[in-house]
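The values are calculated or read from the model by the stated rules, or taken from the named source; none is laboratory data. The structure displayed is predicted, hence computed values, not measured ones. Here the Cβ positions follow ideal geometry from the backbone for every residue, glycine too, while neighbour counts run over all protein chains shown. The area values use the complete protein model at the heavy-atom level, side chains included, leaving out ligands, DNA and RNA. Shrake-Rupley method; radii C 1.70, N 1.55, O 1.52, S 1.80 Å.
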Amino acid sequence: MMQVLPIQSCATTKEGQSPGKLIVLTGPSGVGKGTLMRSLLQRHPELYYSVSVTTRSPRPGEINGKNYYFISRRKFEQLVAQGQFLEWAEFAGNYYGTPREAVLNQVLSGKLVVLEIELEGARQIRTSFPSALSIFILPPSFEELEKRIRGRGQDSEEAIARRLCRAKVEIKAADEFDVQIVNNDFETALNAIEAALFK
Ligand code: 5GP
């Protein structure tokens, strides 16, 4: 069991400063979370985006330290054993995890910290940080999701099958989240995320 730090107490860390908060953004692979995230960060540079650690290979154009920290499975398992992750999970055959220290430091300094993570990780965050705001992004339909994943042309047939299978499980869990947003029209979805964050 990972150590739980007293995020709630951050309200008193600096006088007059509002407390930080964890925002969890989840949704099936291919739903457009990444694109929504990028636009959200452009519009709100005050948000802190947590760069995850993964054992997945970089896709073309992905940059180490920007999109992810790409590391080996052995190294990832060492970091797990050292308690370095706030949450972690295996997804479609690879490990993904949120670096603990960087995120907690940002929350404690009053930032809104956004984690773009899958379902198991979101559940871990909900257990450890009940005050986190959780948002689930839904596709307009499963057929549309499959079209988007295939359209990316970035994954092998096997990876696509695993992601689609996992997507069904994740979509069923959408009701567990505080807010559900359908990414049919990009601008509408982005506005809905902003409304949830800054209401
Ligand atoms: P992808 O390989 O497409 O970049 O990501 C696969 C899935 O892993 C996505 O649903 C993404 O949100 C999720 N993910 C990315 N980083 C993390 C993380 O740090 N923790 C968890 N639990 N999931 C993550």
Please go through region 9-45 and pick out each residue that is modelled with pLDDT of 95 or more, out of contact with any Pro (no Cβ under 9 Å at 6 or more places or on another chain) and not in a helix (DSSP H, G or I). Leu22, Ile23, Val24, Leu25, Thr26, His44, Pro45
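Listed here are the residues, each with its yes/no results for (1) out of contact with any Asp or Glu (no Cβ under 8 Å at 6 or more places or on another chain); (2) farther than 11 Å from Val31 by Cα; (3) hydroxyl-bearing (Ser, Thr, Tyr).
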site: Ile125; (1), (2), (3): no, yes, no
site: Ser134; (1), (2), (3): no, yes, yes
site: Ala167; (1), (2), (3): yes, no, no
site: Asp178; (1), (2), (3): yes, yes, no
site: Phe186; (1), (2), (3): yes, no, no
For region 62-83, which positions are polar (S, T, N, Q) and surrounded by fewer than 11 Cβ atoms within 10 Å (Cβ to Cβ)? Ser72, Gln82
Can you tell which of Ala161, Ala102, Ala174 is among the small types (Gly, Ala, Ser) and open to solvent by less than 30 Å² (accessible area, probe 1.4 Å)? Ala174
Condition first: more than 11 Å from the ligand (Cβ to nearest atom), polar (S, T, N, Q) and either touching a Lys or Arg at 6+ places or on another chain (Cβ under 8 Å) or not in a strand (DSSP E or B) (or both). Now tell me which residues in region 62-80 satisfy that. Ser72, Gln78
Can you tell me how many residues in region 104-120 are under 12 Å from the mean Cα position of the chain (by Cα) and in contact (Cβ under 8 Å) with a residue 60 or more places away in the chain? 7
Criterion first (surrounded by 18 or more Cβ atoms within 10 Å (Cβ to Cβ) and either in contact (Cβ under 8 Å) with a residue 24 or more places away in the chain or near the ligand (Cβ under 10 Å from one of its atoms) (or both)) does Arg59 satisfy it? no
Take residues that are of a type in the set (Phe, Trp, Tyr) and more than 13 Å from the ligand (Cβ to nearest atom) and tell me which of the helices (runs of 4 or more DSSP H) falling wholly in region 81-199 contain 1 or more. 142-152, 186-198
